[in-house]
Amino acid sequence: MNSQKIGVVGAGAFGKNHLRTFHEMGVLAGIAEPFPKARESAQQAYPGVPIFENASDLFASGIDAVTIVTPAHLHAPIAIQAFDAGLDVFIEKPMTLNSAEAEDLIARAAAKQRILMVGHLLLYQPAIAFLKEFLEAGTLGKVFTLHQDRMKLGRARSVENVLWSFGVHDLAVLLHLTGQVPVKSTFIGHCGLQSTIADDTFLHLEFPDGTQAHLHNSWLWPDNRRGLHIIGEKGVLHYDEVAQQVTWHRKTINAALENVDDGSEIIFTAPPNFQPLRAEIEHFLHCIRTRSTPLSDGHGGAAVVRILEQVSPVSA
């Protein structure tokens, strides 16, 4: 049984998902939200839960841990307050908007012996765990390239570009699946809506073992495209994030440069109605209880931020 008392900072668009999930699990113990309309909406949805205007008041209310679901530039200062209050912390992605803040949070969590977890939601999809095991078993042979897309008509940001907004999940997955940190990165972005904020971006990564990865993000795309292709010696794996399926296309080119087509088959389908956010939050609660290191810990969050900062620093 869960006995933790969890607070949520931020009752906005995605914060509502945290509130609902924690409430369903019986551990929602407080909410902090500075905007009156969002605060009123949360009060109506969760009438028995204390709601505060300031995060500091929430932190002093007797909770055990907090999730921070605010604009990214507020993550670091709120997390610092939480650590000073002796709380475990879950921060939604991106962890911070620069690596110095990310490293500072890691150090503070360690000094206070607190859990620090980052909301890299895709790592909690069963298909990603399946792909990790499949690749580590060598079933696809040598991996050549990974191609990831995340595009839709999305919510444009005024501080961070679409790579920071959409690509954080995908970059975390690429680092997780390769098990490496890239040695070279190339970034191309196009600014249409705003003069300094890219709406459409391409990121190219090269890893120490020769594997390469490509990531395309856009919030000006007409349809919802979310998926990953992994090209290797023995064909291509396609992870369809919408259908939550992995297909193995046994299509390749042999040593004689002849095309080989041995067909395709679906080799993994996620359980119906699987909720990755609930799985991620259950993992956070487990780490609080057992004092264990999260799958998406502060070091993983900082590694993602470090790459983003190198290729496309946020100036604001």
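The values are calculated or read from the model by the stated rules, or taken from the named source; none is laboratory data. Here the structure is a predicted model, which means the values were calculated and not measured. As a convention, Cβ positions derive from the backbone with ideal geometry for all residues, glycine included, and neighbour counts pool all protein chains shown.
Collect the residues in the stretch 255-294 that are at pLDDT 95 or above, assigned to a loop (DSSP other than H, G, I, E, B) and polar (S, T, N, Q), keeping them in residue-number order.
Gln275, Ser292, Thr293
Taking the stretch 206-225, which residues are within 18 Å of the chain's Cα centre (by Cα) and crowded, with 18+ Cβ neighbours inside 10 Å?
Ala213, Leu215, His216, Asn217, Ser218, Trp219
Residue check, Asn98 against (1) touching a Phe, Trp or Tyr at 6+ places or on another chain (Cβ under 8 Å); (2) closer than 30 Å to Ile6 by Cα; (3) of a type in the set (S, T, N, Q), all met but one. Which one?
Here Asn98 clears every test but (1).
Within the stretch 123-156, take every residue that is surrounded by fewer than 20 Cβ atoms within 10 Å (Cβ to Cβ) and among the basic types (Lys, Arg) and give me the one that is modelled with the lowest pLDDT.
Arg155
Where the second residue is assigned to a helix (DSSP H, G or I) and not hydroxyl-bearing (Ser, Thr, Tyr) and the first is closer than 19 Å to His169 by Cα and lies in the stretch 268-288, which pairs have Cβ atoms under 7 Å and are six or more apart or on separate chains?
These pairs meet every condition: Ala270/Pro126; Ala270/Ala127; Phe274/Pro126; Pro276/Leu121; Leu277/Asn17; Leu277/Leu121; Glu280/Leu121; Ile281/Phe22.
Ile78 - would you say it is touching a strand residue (DSSP E or B) at 6+ places or on another chain (Cβ under 7 Å) and either at pLDDT below 95 or surrounded by fewer than 18 Cβ atoms within 10 Å (Cβ to Cβ) (or both)?
So Ile78 does not fit the description; no.
Filter the stretch 182-205 for residues that are closer than 21 Å to His229 by Cα and either hydroxyl-bearing (Ser, Thr, Tyr) or modelled with pLDDT under 95 (or both); which is surrounded by the fewest Cβ atoms within 10 Å (Cβ to Cβ)?
Thr186
From the list Arg289, Arg278, pick out the single residue that is in contact with a Ser or Thr (Cβ under 6 Å, 6 or more places away or on another chain) and under 30 Å from Glu24 (Cβ atoms).
From the options Arg289, Arg278, the qualifying one is Arg278.
Would a scan of the stretch 51-58 turn up a residue that is among the aromatic types (Phe, Trp, Tyr), touching a helix residue (DSSP H, G or I) at 6+ places or on another chain (Cβ under 9 Å) and closer than 23 Å to Leu277 by Cα?
no
Within the stretch 84-104, track down each residue that is surrounded by fewer than 24 Cβ atoms within 10 Å (Cβ to Cβ) and over 17 Å from the mean Cα position of the chain (by Cα).
Asp84, Ala85, Gly86, Leu87, Ala100, Glu101, Glu103, Asp104
Within the group Gly301, Gly232, which residue is touching a Lys or Arg at 6+ places or on another chain (Cβ under 8 Å), more than 27 Å from His73 (Cβ to Cβ) and either of a type outside the set (Phe, Trp, Tyr) or not assigned by TED's automatic domain parsing to the domain that holds Thr211 (or both)?
None of the other options fit; the residue is Gly232.
Exactly one of (1) modelled with pLDDT of 95 or more; (2) crowded, with 21+ Cβ neighbours inside 10 Å is unmet by Asn17. Its number?
For Asn17, the failing item is (2).
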